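Engineer: I have a structure here, written as structure tokens, and I will follow up with some questions on it.
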Amino acid sequence: MRVVVQRALDAKCLVNEENVGSIDKGFMLLVGFTHHDTMKEVKALTKKIVGLRIFEDEQGKMNKSIHDINGEILAISQFTLYADAKHGNRPSFTEAMAYEQANLLFSQFIEELKTYIPKVQTGVFGADMKISFVNDGPVTILLDSQELL
């Protein structure tokens, strides 16, 4: 499981020009799954995400978590996080989890996030989405379950 965590001042997701998810200050997450991912990876990365202290405290140091600032999350499924572009110019996506299984695990990931953070928004799984956000900092962290477990 891979997650790109981006500290955001705001974020929104449009599908067919309709706003399907938006947040104010918090995290913009891009989330991808590979074949062997399970709830073990979901739980580990959820705990890591909500515990990340990448928001500034009163002294300007990154010392606060998303929970500490009452932040929000926009999570977007992103199978292309498992793109393999080592050979040629057209990426292979064979390492990305199959659609049905990934959709289920993404839903479980969202429910797990909601146990920690009250406002979690998403896009539409598998849809052509237009994402816009203001990356605050910029701060971007790449998490990979293989490096955490």
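The values are calculated or read from the model by the stated rules, or taken from the named source; none is laboratory data. Model, not experiment: these values are computed from the prediction. All Cβ positions, glycine included, derive from the backbone under ideal geometry; neighbour counts span all protein chains shown. Side chains included, ligands, DNA and RNA excluded: accessible areas come from the protein's heavy atoms. Shrake-Rupley method; radii C 1.70, N 1.55, O 1.52, S 1.80 Å.
Engineer: How much length, in nm to one decimal, is gained on full extension between LEU142 and LYS40, taken as 0.36 nm per residue of separation minus their Cα-Cα distance?
Structural biologist: Here the segment from LEU142 to LYS40 would lengthen by 34.9 nm.
Engineer: Can I ask one more? Principal axis lengths of the chain from Cα atoms, whole Å, largest first?
Structural biologist: Principal extents (Cα only, largest first): 47, 39, 31 Å.
Engineer: Looking at the square roots a ≥ b ≥ c of the eigenvalues of the Cα gyration tensor of segment 86-149, which shape do they give, rounded for a/c under 1.5, prolate if a/b is larger than b/c, or oblate?
Structural biologist: rounded
Engineer: Next up: Mark the label point 7 Å from the Cα of TYR116 along Cα→Cβ and return the residues of segment 1-31 whose backbone N is within less than 19 Å of it.
Structural biologist: 1-9, 23-31
Engineer: Moving on. Ignoring everything except DSSP H segments at least 4 long, calculate the 222 nm mean residue ellipticity for the chain; use -39,500 (n - 2.57) per segment, divide by total residues, nearest 500.
Structural biologist: -6500 deg cm²/dmol, from helical runs alone.
Engineer: What list of ³J(HN,Hα) values in whole Hz, one per residue of segment 11-25 in order, does the Karplus curve 6.51 cos²θ - 1.76 cosθ + 1.60 (θ = phi - 60°) give from phi, with Gly and Pro shown as x?
Structural biologist: Each residue of segment 11-25 in turn: 7, 8, 10, 10, 10, 6, 6, 9, 6, 9, x, 8, 9, 9, 3 Hz.
Engineer: Another question about this same structure. Any idea what angle helix 39-51 forms with the longest principal axis of the chain, computed on alpha-carbon atoms, 0 to 90 degrees, nearest 10?
Structural biologist: Taking Cα atoms only, the helix is inclined about 30 degrees.
Engineer: Taking 0.36 nm per residue of separation and subtracting the Cα-Cα distance, what length does fully extending VAL15 through LYS48 add?
Structural biologist: 9.0 nm
Engineer: Given a 1.4 Å probe and every protein chain left where it sits, what share in percent of the accessible area of the chain is carbon and sulfur?
Structural biologist: Carbon and sulfur together cover 49 percent of it.
Engineer: Ok, one more. Distance from the Cα centre of segment 1-32 to that of segment 79-108, in angstrom?
Structural biologist: One Cα centre to the other: 19 Å.
Engineer: Expressed in nm to one decimal, what extension gain is obtained for the pair LYS64 and GLU95 from 0.36 nm per residue of sequence separation less their Cα-Cα distance?
Structural biologist: My answer for the length gained is 7.7 nm.
Engineer: Using a Gaussian network for the chain with springs between C-alpha atoms less than 10 Å apart, which of these wobbles most: LEU74, LEU29, LEU52?
Structural biologist: Largest GNM mean-square fluctuation: LEU52.
Engineer: If you don't mind, another one. Non-local amide H neighbours of ALA8 (under 5 Å, H modeled in plane, Pro and chain starts lacking H): which ones?
Structural biologist: GLY26, PHE27, MET28, ASP136
Engineer: Can I ask one more? Given a 1.4 Å probe, how much area per residue of segment 23-149 is accessible, in Å²?
Structural biologist: Per residue, segment 23-149 has an accessible area of 58 Å².
Engineer: Sequence gap at least 6, Cα distance under 8 Å: using those rules, report the relative contact order of segment 11-129 to the nearest whole percent.
Structural biologist: 35
Engineer: Rounded to the nearest 10 degrees, what's the angle between the helix 99-114 long axis and the longest principal axis of the chain, both from Cα atoms, 0 to 90?
Structural biologist: Once rounded, the angle reads 10 degrees.
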